[in-house]
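J.: Quick one: the structure is below, questions incoming.
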Amino acid sequence: MGVGIEVSELNAWYGSNHTLQNINLRIPANHATALIGPSGCGKSTFVRCLNRMHETNPVGRVTGSVLIGQLDIYTQASPVEIRRRVGMVFQRPNPFPTMSIYDNVASGLRLNGYRNRVVLDEVVQRSLEQAALWEEVKDDLKKKSGASLSGGQQQRLCIARALAVDPEVMLMDEPASALDPVSTAKIEDLIFQLKSQYTIVIVTHNMQQAARVAENTGFFLNGRLVEFDATHKIFTNPRDKRTEDYITGRFG
Amino acid sequence: MAARELRAPRRLRSSNRIRRMLANHLATTAAVASTILVMAPLVAIFFYLLYKGASSLNLAFFTRPPAPVGETGGGMGNAILGSAILLGIASALGVPIGIAAGIYVAEFGRGGRLANTIRFTADVLNGVPSIVMGVSVYALIVLPQKHFSAFSGGVALGIMMIPTITRTTEEMLLMVPLSVREAALGLGVPRWRSVLSITLRTASPGVITGCMLAFARVAGETAPLLFTAFGNQFWSTSINQPIAALPLQIFVYATSPYDDWHRLAWAGSLVLILLIVVSVGLVRYVAGRGVLRGAS
Ligand SMILES: Nc1ncnc2c1ncn2[C@@H]1O[C@H](COP(=O)(O)OP(=O)(O)OP(=O)(O)O)[C@@H](O)[C@H]1O
Ligand SMILES: [Mg+2]
């Protein structure tokens, strides 16, 4: 089951660059939430704060609190534990180049000490099917490297790899930006299915996509969360002038 | 007007094309010439060794220890075995320490004082003449133990392997893209695990090359063995006894006054080079078997 996320007073820095300023929001469990906003406004930084990846940057710093379910991730758990429960698909596809397709998908389980072959086979197949990649790679699972796939296939491989560890929350940073319309539609289908098991946060530049998959949408601008509401409200009747300007294409 | 405007670019174009073709041919010729220049000494040495040494290669050469002065025959069997043992000890010592130090410098201590000290020490160690290494190990191990030994020879060679391995491991690890490290951390893999199973594994072709370079370099070393392994006319497999080594035996044979021994020295040199080629090739083959289609 997915769990809700509650973000209060979140601030993030890169060195002296105050990238996220006083973010407050509540992401409901088992829903998809879209984050939109112009390039450089802090969407990636925000999702990286939700699984404590931001602090892996040597100049990254965070204050404020993030509750995943009942758990305050910055004070009550280790980063490793959090990242197991909060899966992430990065903005740029990053398969492990020296591993086969199979090993890439199985890596999360294996690196955490999981060895049972039958279960691994099953998880790998299911994850690749969910990520709409199984048909294309099922004959080369152990022969081809993850790096030999096309950019869009690599992105789906990374989605499968994140699904395989069965997280409770799934952070997807522009998962479909490198995909053709057919694969994009498959990923959107996947997000629909996943909602029953996971809480999904998806960053996207594609407003139609946000409208199609997400119940709620947040609009970021210059490191601030300008507006957060039901998706249909954001797109038909935004409260803030800046949101309206952005979604009608007047800037950004 | 119009005609002239048309002609000018055409003239430019054709002269450009000739210039490009010339530059292309020049660059190709230079590349081929450099390749030949690099290959020539290796090929020359190899054929000269074949010419001088191949005739003395027979079964006895590989299976017999040296014959006493005055008798003909004999071989370098014990020296080949001795070199294998010495290099085994050296690798068992140098490879893990070298890689571990490289991992520390690149991953855990980056920018810290200890990491900088290790890097500096490795660079200095790389420049220490091998004879000095031999004398140092003599003072540190042979003198307290009061006897020459295979162990001390292996230690001397192993220490000489460390700096090369440490520096190449460091450089290769630093070449692994941040995105790959992030992928591992994002899966909830602990840092140490991600370094060993992902970063080091991604960098492994380069790390293996570094180990092979270090191995090939010390395989031919004579000076560090003079005061440590010392050499031995007989079979020995004990790490506490003086032991024969190919470079040492070549040195003894080559500086002797006998023609027969000179020929054996040539044959020994040939075998030494072949052994290095074979072991490097073998490691490459074994390491390359797991590489997948499309892996970078
Ligand atoms: N590794 C980094 N080091 C320093 N500054 C960074 C780093 N990554 C991002 N920033 C800065 O943080 C700000 C927000 O970046 P972020 O990547 O979160 O934007 P984004 O909304 O995801 O943009 P995009 O839509 O282009 O992906 C930018 O101004 C950027 O300059
Ligand atoms: Mg981004």
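The values are calculated or read from the model by the stated rules, or taken from the named source; none is laboratory data. Note that this is a predicted model, so its numbers are computed, not measured. Because the Cβ atoms are built from the backbone with ideal geometry, glycine has one as well, and the counts that use them run over all protein chains shown. Quick note on the areas: whole protein, heavy atoms, side chains included, nothing else; ligands and nucleic acids left out. Shrake-Rupley method; radii C 1.70, N 1.55, O 1.52, S 1.80 Å.
J.: Can you run down the residue pairs with Cβ atoms below 7 Å, 6 or more apart or on separate chains, where the first is in the range A:83-103 and more than 7 Å from every other protein chain (Cβ to nearest Cβ) and assigned to a helix (DSSP H, G or I) and the partner is open to solvent by 10 Å² or more (accessible area, probe 1.4 Å) and not aromatic (F, W, Y)?
T.: A:R85/A:E168; A:I101/A:D140; A:I101/A:L141; A:I101/A:K144; A:Y102/A:L141; A:Y102/A:K142
For every residue, the table says whether it meets (1) modelled with pLDDT of 90 or more; (2) assigned to a helix (DSSP H, G or I); (3) away from every other protein chain (no Cβ under 14 Å).
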| position | (1), (2), (3) |
| --- | --- |
| B:L196 | yes, yes, no |
| B:G206 | yes, yes, no |
| B:V271 | yes, yes, yes |
| B:L282 | no, yes, yes |
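J.: Being more than 16 Å from ligand 1 (Cβ to nearest atom), of a type in the set (G, A, S) and either open to solvent by 10 Å² or more (accessible area, probe 1.4 Å) or touching a strand residue (DSSP E or B) at 6+ places or on another chain (Cβ under 6 Å) (or both) is the requirement here; does A:S65 meet it?
T.: For A:S65, the condition - more than 16 Å from ligand 1 (Cβ to nearest atom), of a type in the set (G, A, S) and either open to solvent by 10 Å² or more (accessible area, probe 1.4 Å) or touching a strand residue (DSSP E or B) at 6+ places or on another chain (Cβ under 6 Å) (or both) - is met.
J.: Here is a further query. Can you tell which of A:D166, A:D180, A:D189 is open to solvent by 60 Å² or more (accessible area, probe 1.4 Å) and at positive phi?
T.: A:D166
J.: Among the numbered criteria (1) touching a Pro at 6+ places or on another chain (Cβ under 7 Å); (2) open to solvent by 40 Å² or more (accessible area, probe 1.4 Å), which one does B:L157 miss?
T.: Condition (2) is where B:L157 drops out.
J.: Tell me, which strands (runs of 3 or more DSSP E) lie completely within the range A:171-252 with 2 or more residues that are touching a Cys at 6+ places or on another chain (Cβ under 7 Å)?
T.: A:216-221
J.: Right, here's the next one. Looking only at residues in the range A:53-75 that are of a type in the set (S, T, Y) and part of a strand (DSSP E or B), which one is farthest from ligand 2 (Cβ to nearest atom)?
T.: Among them, the one singled out is A:S65.
J.: Among residues belonging to the range A:9-52 that are within 14 Å of chain B (Cβ to nearest Cβ) and polar (S, T, N, Q), point out the one that is nearest to ligand 2 (Cβ to nearest atom).
T.: The qualifying residue nearest to ligand 2 (Cβ to nearest atom) is A:S44.
J.: If you don't mind, there's one more thing I want to ask. Being closer than 21 Å to B:L178 by Cβ and loosely packed, with under 14 Cβ neighbours inside 10 Å is the filter here; which residues of the range B:111-136 pass it?
T.: Listed by number, the residues that qualify are B:G111, B:G112.
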